[in-house]
Number of protein chains: 2
Amino acid sequence: MYAQGYFAYDSKKSGGLTVSHLRFGKSPIQSSYLIDHADFVACHNPSYVTRYDVAEGIKEGGVLLLNSEWTLEQMECELPAAMKNIIAKKHLKFYNIDAIAIAREVGMGNRINTIMQSAFFKLANIIPVEDAVSFMKAAAKKSYEKKGDAVVQMNYAAIDAGLTGLKQINYPDSWATTTEGAAPIATTTDKYFGAFIKPVLAQSGDKLPVSSFTPDGFVPTATTQYEKRGIAVDVPQWIKENCIQCNQCSLVCPHAVIRPFLVGEGEQVPDTFETIPATGKELAGYKFRIQISPLDCTGCGNCADVCPAKNKALTMVPLTSVLEREEKNWETAQKLSDKKVELNPATVKGSQFKKPLFEFSGACAGCGETPYIKTVTQLYGDRMVIANATGCTSIYGGSAPTCPYCVNEKGHGPAWANSLFEDNAEFGYGINLATNHRREKLADVVRKLIAVEYVDDAVKAVGTEWLDNMNDAEGSKAASAKLLEACKEGLDMTGTEWEAEWLKNGKVCTCDACALAKEVLDNADLLVKKSIWIFGGDGWAYDIGYGGLDHVLAMNEDVNVLVLDTEVYSNTGGQSSKATPTGSVAKFAAAGKRTKKKDLGMMAMSYGYVYVAQVSMGANQNQWLKALTEAEAYKGPSLIIAYAPCINHGINMGKSQAEAKRAVEAGYWPLYRYNPDLADQGKNPFVLDSKEAKADYQDFIRSEVRYASLQKQFPQAAEELFNRAEKEAKEKYDYYKKLNDLQ
Amino acid sequence: MYAQGYFAYDSKKSGGLTVSHLRFGKSPIQSSYLIDHADFVACHNPSYVTRYDVAEGIKEGGVLLLNSEWTLEQMECELPAAMKNIIAKKHLKFYNIDAIAIAREVGMGNRINTIMQSAFFKLANIIPVEDAVSFMKAAAKKSYEKKGDAVVQMNYAAIDAGLTGLKQINYPDSWATTTEGAAPIATTTDKYFGAFIKPVLAQSGDKLPVSSFTPDGFVPTATTQYEKRGIAVDVPQWIKENCIQCNQCSLVCPHAVIRPFLVGEGEQVPDTFETIPATGKELAGYKFRIQISPLDCTGCGNCADVCPAKNKALTMVPLTSVLEREEKNWETAQKLSDKKVELNPATVKGSQFKKPLFEFSGACAGCGETPYIKTVTQLYGDRMVIANATGCTSIYGGSAPTCPYCVNEKGHGPAWANSLFEDNAEFGYGINLATNHRREKLADVVRKLIAVEYVDDAVKAVGTEWLDNMNDAEGSKAASAKLLEACKEGLDMTGTEWEAEWLKNGKVCTCDACALAKEVLDNADLLVKKSIWIFGGDGWAYDIGYGGLDHVLAMNEDVNVLVLDTEVYSNTGGQSSKATPTGSVAKFAAAGKRTKKKDLGMMAMSYGYVYVAQVSMGANQNQWLKALTEAEAYKGPSLIIAYAPCINHGINMGKSQAEAKRAVEAGYWPLYRYNPDLADQGKNPFVLDSKEAKADYQDFIRSEVRYASLQKQFPQAAEELFNRAEKEAKEKYDYYKKLNDLQ
């Protein structure tokens, strides 16, 4: 017997789809194409029936297996008509199994794979089912006997239940022609969504003609909002009585699904949209609510975990129990007017009233990276350009067909692009260079405009104001609005002595001033000072892109670099990088990393004119916000190195924020800021923000699988390396302390 | 009138050859091949007549112009017969001009180009000679009027003298068939020299068939000794009475042409080979002499400049005045036996009694880089492998057809290879990795050999000795010699009971021990511990190769990196690198570099396990030797950053060593060593070796054209940048001082 398997994936890091194309036969199989004519199709997730054409390509009389809790009666409304048509027209043998119920019964929680596997062997008839069962049981014994007989028995029970739990569905002939059933998911009437996103999401991207792709490479942003993936089992529920309105839950959410909203005095909301009076003098008169987007939540639980209220204001509840109500509430929240509150956006509370311009990405549940990116977009997203290194940040940041970067109420949001892995710093540097040159050219136009003799004094004043403020974020925003208005008005000759001529020319005046004003309008996107960002992981920043990063930092231009440091190449599965610390197990460092973590921050500081900060949101949210705002404000290169817990660490991702806190408390990850502006003021540019370790270094590392696994496999090496790592951490902290204390 | 010029060069950085292929015509010239049929040929250097076929390809009745001091009578013996044959057979119009005498007369020193140019216009008849003269004079006025009328008049005089100085040579018809004349240069009967080096040196490399190149890419070393280029005008002459035998002249010589020699008691030398009694108890009984190789000298004069004797023991004299005598003396010196003296090779004096295994390179006269390389080869050349980044080091280090790396009396010398510019650190790292693996495999063979029961105890002892010392330089040398001897003996069955059998088998025994002993002999090159070196300039180390260099240093393997820091990309003509300091003028920094020099050493030190030193031979020869020996001895990665004065600095290269001294005295280039071994001993690993500046920083930089030119062109920017540079230098020194004082 020969077998062949092709597995087709999407790029989601949480709740992703896999289609397994399996062939079996008595002669070697060399087919190099996907299966389009199947004897057997199984759908392991009931929610897929309205998302994908699960019965597509199945043969006449083939077998279709569904995992669902539905009875035939429930199927009448849960299955879409098109699926029913295929089942009946092709006379399929249609089976259902409630694998989730079985898994819970036999004690396997949500793990349905063993059950579905034995059901497969029973129905697909590849080998005698008795043989399949005995092979599966032997394999289960081998895999789990170290964990005890109970686990083995549980697996045996699951295998048996996969056979007995199958129910053939005797569907009515009417299914062949029915038009009744569940409607396929369709959350928007957006043309791009229908023509491009929807087919790709439905795994039909291969069928799109070339003409559906735009040759310019531009892709609309703000499209993850249409996915509505619904992958969470549990989601947070707000307990308003307990809430202290700190907004920490919102800050740490990796997917931007939990946010504070303010209801104004005149605004009408349904009764289910419960609120409490907003606290703080800046919010007087507003009502406050924490709202989640249930279908976009991954259910990681960090929001509830970080809630600092005496009695938690968030509790995790089953998605199904709140879905309908909270979907409506989310819609209500989306329609609330934008509130211009006077809270400092550089505080935890203040920052979270600003809309995240990065939402619902495909990042892992509990991702340690995305909350940093989200914060940056909240503060600077409306005037931000991002160069992104290849890696996790680019996969969840911009995989076709959707993009999590989105826009504010004015339609402003980050511009984002990903070049290669190795050249991202240079890519961002080039974007900065081009932007500066184009803005300088625009400044020339404005200078010429205000030099035209007959131009209004008012225009001259706003032109001058813009020139004076073009490199200041808020100043350029204010002046740009006025200048655009003035240029628009200047081009309108209605009511002037030139009106007739102007109308005759199709509302075009070719005088010097008008030509220049038009040029200003044509380049409106350049009026506001840009915030240039370069994002990447440690594989990029410490290793493969480091030569370029170093060069770009050395150039002393105003670019901001955010390194999401997971201490391994995360996207490719956890290979060792120069950011991997002593004793940590990673691919290419299976026996524990023998060299210590590279001190990237120290190396950048050696230039003296690079702003450098090391941060850990979970440990000190304010220090992160301080570093972020200082870095962005600094008129030279900035580098922020952010500690990002990752699935590769072997930790509970529902407590990734807490893990980042422990890292700092154990002296594993010191926090500091190096601000060259302080040196110019005659002060010490280096400020150490974290205290001496108050928790045990080795207790911390031994609690993460990336370290603990070394202890299991190579106890002696672990002993030696962990001691060395602890010593190195102590020495590093002491050195930083000395730098901090230098006069 | 249209013109076309192709210029063919060799790769020598001093005394190189240029052949200018010039075409003129009334229609556009699109010939894409070199001239092989010339109306006019000029030879600007009389020494070329015996090196190149200067009259090759000239047309029947064409014009040949020679620059020489020779009369017709002298030509009889100075011109080779082949040249005379061509002149007469082709009925050439043959002219001579003594441009050197004219140049000196009109005050232009050695600059003959203007004189040769006007002679060309007179003879070649491209445009009316009156027009040519007036154009040349106008150009001279434009170029030099800023320098004053005297310079302009000098150029006018040179132009006029180029016309009047021409003499047509009325050669005899007998030249057509003569076999008398100067012999072409041939310094060796070496087969490779004749078949490959000689034709390439004679500019006939294009005519070599492909079959003359070896497909394996290996090229013999020690071949620059055959070039005998004789490019110096003046060479040093030793004044034995004044000599204090410090050997500094030898240490600093960029071309290894001046060396100390010892004559033993029994050795016979000619009378001209004058000596003085060697000083120092280790040299008791020897006689001492400083000997130069006159034809290999470039005449830079650094040897005489650094001579610290009260009355200089070296004086520069015209090459011709000593050539014959010193060539013979050099030959005598080469034949002296190798002296094993007990002087410490890590001292200036001791190091120079070791043969340089890098000699007579094509580097510039006064090169600041080559003395460092030479020292490394003197100490470690016999067991050294070099990975070389592309740049000056690779051009003078290994341009076809010759190689300056050479061998000692045992035939041992550096193995050298150049990969690319950007990957040299990785290249060297790979060499190290391969060497380690191969030696580990050899160690397995030795372990097996000494485990064979019937192997002699003596063999077991030397095998064990080698295993114990294989990673120690001197220990492995001693043990290797013994082990090789033992293996050779073991394979010789003469006089043993197995002799007959062995002879029958063609002197092969296939027993386990013999097979293993043979494997040891086959891998004899691996027995001695290798010294792995990675050479490159600052363009490589600070910029383009930095990503790789950082990665290799981080790997914590035993490789040694020597960065020859000229603070610009030297080989390509002086482009700005990250090593270029604030205010320095370089290509791409024509208005003065705006960012400060990258602190490469500091960045490498951040690892804690990298040995780092910053050195300047001219300032502190002992510190350089200390750093070199510490770096080589350190069992991890080492980085030495060496200050190397360069023609791109716009300085007097005859005083490049003195310039390197001034750089340290002015606080421009601090000296330090960072030795991780000290940290392991609980000491401060950082030692600052240079004192606070005792000379004025700005006086120093303003004395070099790379800075002074900024002052001339942009005085205001110069003021600001020079002040900043001085401040930065002061801050850097203060920071190093703090590091030095840390407890």
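The values are calculated or read from the model by the stated rules, or taken from the named source; none is laboratory data. In this text, all values refer to a predicted model and were calculated from it rather than measured experimentally. In this analysis, Cβ positions are derived from the backbone assuming ideal geometry, glycine residues included, and neighbour counts consider all displayed protein chains. The area values use the complete protein model at the heavy-atom level, side chains included, leaving out ligands, DNA and RNA. Shrake-Rupley method; radii C 1.70, N 1.55, O 1.52, S 1.80 Å.
From the list B:204, B:212, B:250, B:174, which residue is in contact with a strand residue (DSSP E or B) (Cβ under 6 Å, 6 or more places away or on another chain) and of a type in the set (Gly, Ala, Ser)? Step through it out loud before you land on a result.
Values: B:204 fails: in contact with a strand residue (DSSP E or B) (Cβ under 6 Å, 6 or more places away or on another chain); B:212 fails: in contact with a strand residue (DSSP E or B) (Cβ under 6 Å, 6 or more places away or on another chain); B:174 fails: in contact with a strand residue (DSSP E or B) (Cβ under 6 Å, 6 or more places away or on another chain).
Within the list B:204, B:212, B:250, B:174, the selection yields B:250.
Here are B:561, B:552: which of them is part of a strand (DSSP E or B) and in contact (Cβ under 8 Å) with a residue 24 or more places away in the chain? Let's see the steps before the verdict.
Details: B:552 fails: part of a strand (DSSP E or B).
Result: B:561 is the single residue among B:561, B:552 that is part of a strand (DSSP E or B) and in contact (Cβ under 8 Å) with a residue 24 or more places away in the chain.
Does residue A:713 count as at pLDDT below 95, within 13 Å of chain B (Cβ to nearest Cβ) and surrounded by fewer than 15 Cβ atoms within 10 Å (Cβ to Cβ)?
No; evaluated as a whole, the condition is false for this residue.
Return yes or no: is residue A:136 part of a helix (DSSP H, G or I) and touching a residue at least 40 places away in the same chain (Cβ under 8 Å)? Spell out the reasoning first.
Details: part of a helix (DSSP H, G or I): yes; touching a residue at least 40 places away in the same chain (Cβ under 8 Å): no.
Taking the combined requirement at face value, the residue does not satisfy it.
Any residue that is closer than 30 Å to residue B:390 by Cα and surrounded by fewer than 16 Cβ atoms within 10 Å (Cβ to Cβ) - is there at least one of those in segment B:456-468?
The answer is no; no qualifying residue exists.
Which members of segment A:319-342 meet the condition of being open to solvent by less than 70 Å² (accessible area, probe 1.4 Å), under 23 Å from the mean Cα position of the chain (by Cα) and over 13 Å from residue A:290 (Cβ atoms)?
A:319, A:323, A:327
Would you check which residues across segment A:570-596 are of a type in the set (D, E, K, R), open to solvent by 30 Å² or more (accessible area, probe 1.4 Å) and more than 9 Å from every other protein chain (Cβ to nearest Cβ) and list them?
Of everything in segment A:570-596, just one residue is of a type in the set (D, E, K, R), open to solvent by 30 Å² or more (accessible area, probe 1.4 Å) and more than 9 Å from every other protein chain (Cβ to nearest Cβ), namely A:587.
Just name the residue that is farthest from residue A:651 (Cα to Cα) out of those in segment A:370-387 that are in contact with a strand residue (DSSP E or B) (Cβ under 6 Å, 6 or more places away or on another chain) and open to solvent by 10 Å² or more (accessible area, probe 1.4 Å).
Checked segment A:370-387; the qualifying residue farthest from residue A:651 (Cα to Cα) is A:383.
Could you go through segment A:721-743 and let me know if any residue there is over 16 Å from residue A:584 (Cβ atoms), open to solvent by 20 Å² or more (accessible area, probe 1.4 Å), within 14 Å of another protein chain (Cβ to nearest Cβ) and part of a loop (DSSP other than H, G, I, E, B).
Looking for residues that are over 16 Å from residue A:584 (Cβ atoms), open to solvent by 20 Å² or more (accessible area, probe 1.4 Å), within 14 Å of another protein chain (Cβ to nearest Cβ) and part of a loop (DSSP other than H, G, I, E, B), one finds at least one in segment A:721-743, hence yes.
Is it the case, given these coordinates, that residue A:210 is over 26 Å from the mean Cα position of the chain (by Cα), within 26 Å of residue A:405 (Cβ to Cβ) and surrounded by fewer than 19 Cβ atoms within 10 Å (Cβ to Cβ)?
Criteria met by residue A:210.
Please go through segment A:539-560 and give me each residue that is under 24 Å from the mean Cα position of the chain (by Cα) and more than 13 Å from every other protein chain (Cβ to nearest Cβ), ordered by number.
A:559, A:560
Residue B:471 passes all but one of (1) surrounded by fewer than 17 Cβ atoms within 10 Å (Cβ to Cβ); (2) in a helix (DSSP H, G or I); (3) not acidic (Asp, Glu); which number fails?
Tallying (1) surrounded by fewer than 17 Cβ atoms within 10 Å (Cβ to Cβ); (2) in a helix (DSSP H, G or I); (3) not acidic (Asp, Glu), residue B:471 fails exactly one: (2).
Out of everything in segment B:597-622 that is assigned to a helix (DSSP H, G or I) and open to solvent by 10 Å² or more (accessible area, probe 1.4 Å), what residue ends up being nearest to the other protein chains (Cβ to nearest Cβ)? Break it down stepwise before answering.
Looking only at segment B:597-622, we keep the residues that are assigned to a helix (DSSP H, G or I), and these are B:600-605, B:621-622.
Keeping just the survivors that are open to solvent by 10 Å² or more (accessible area, probe 1.4 Å) gives B:602, B:605, B:621-622.
Working: B:602: 4, B:605: 9, B:621: 28, B:622: 28 Å.
My answer is B:602.
With the checklist (1) under 30 Å from residue A:609 (Cβ atoms); (2) of a type in the set (Ser, Thr, Tyr); (3) open to solvent by 40 Å² or more (accessible area, probe 1.4 Å) in hand, flag the one item residue A:674 doesn't pass.
Looking at each condition in turn, residue A:674 falls short on (3).
For residue B:505, state whether it is polar (S, T, N, Q), more than 14 Å from chain A (Cβ to nearest Cβ) and free of Cβ contacts under 8 Å to residues at least 24 places away in the same chain.
Criteria met by residue B:505.
Out of segment B:538-563, which residues are open to solvent by 10 Å² or more (accessible area, probe 1.4 Å) and aliphatic (A, V, I, L, M)?
Residues satisfying the conditions are B:544, B:555.
The rows are residues; the columns are (1) among the basic types (Lys, Arg); (2) open to solvent by 10 Å² or more (accessible area, probe 1.4 Å); (3) over 24 Å from the mean Cα position of the chain (by Cα).
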| site | (1), (2), (3) |
| --- | --- |
| A:221 | no, yes, no |
| A:241 | no, yes, yes |
| A:256 | no, no, no |
| A:283 | no, no, yes |
| A:317 | no, yes, no |
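For every residue, the table says whether it meets (1) over 26 Å from residue A:337 (Cβ atoms); (2) touching a helix residue (DSSP H, G or I) at 6+ places or on another chain (Cβ under 6 Å); (3) open to solvent by less than 10 Å² (accessible area, probe 1.4 Å); (4) not in a helix (DSSP H, G or I).
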residue	(1), (2), (3), (4)
A:411	no, no, no, yes
A:429	yes, yes, no, no
A:437	yes, no, no, no
A:453	yes, no, no, yes
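Residues are listed down the side, and each one gets a yes or a no for (1) open to solvent by 20 Å² or more (accessible area, probe 1.4 Å); (2) among the hydrophobic types (A, V, I, L, M, F, W, C):
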| site | (1), (2) |
| --- | --- |
| B:495 | yes, no |
| B:521 | yes, yes |
| B:532 | no, yes |
| B:566 | no, no |
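Say whether the condition of being more than 14 Å from chain A (Cβ to nearest Cβ) and not in a helix (DSSP H, G or I) is met by at least one residue in segment B:517-525.
Yes, the conditions are met somewhere in segment B:517-525.
Would you mind finding the one in A:572, A:566 that is within 20 Å of the chain's Cα centre (by Cα) and at pLDDT below 95?
Just one listed residue meets the conditions, A:572.
Within segment A:636-650, is there a residue that is more than 14 Å from every other protein chain (Cβ to nearest Cβ), out of contact with any Lys or Arg (no Cβ under 9 Å at 6 or more places or on another chain) and farther than 17 Å from residue A:563 by Cβ?
Within segment A:636-650 (the criterion being more than 14 Å from every other protein chain (Cβ to nearest Cβ), out of contact with any Lys or Arg (no Cβ under 9 Å at 6 or more places or on another chain) and farther than 17 Å from residue A:563 by Cβ), the answer is no, since none of the residues qualifies.
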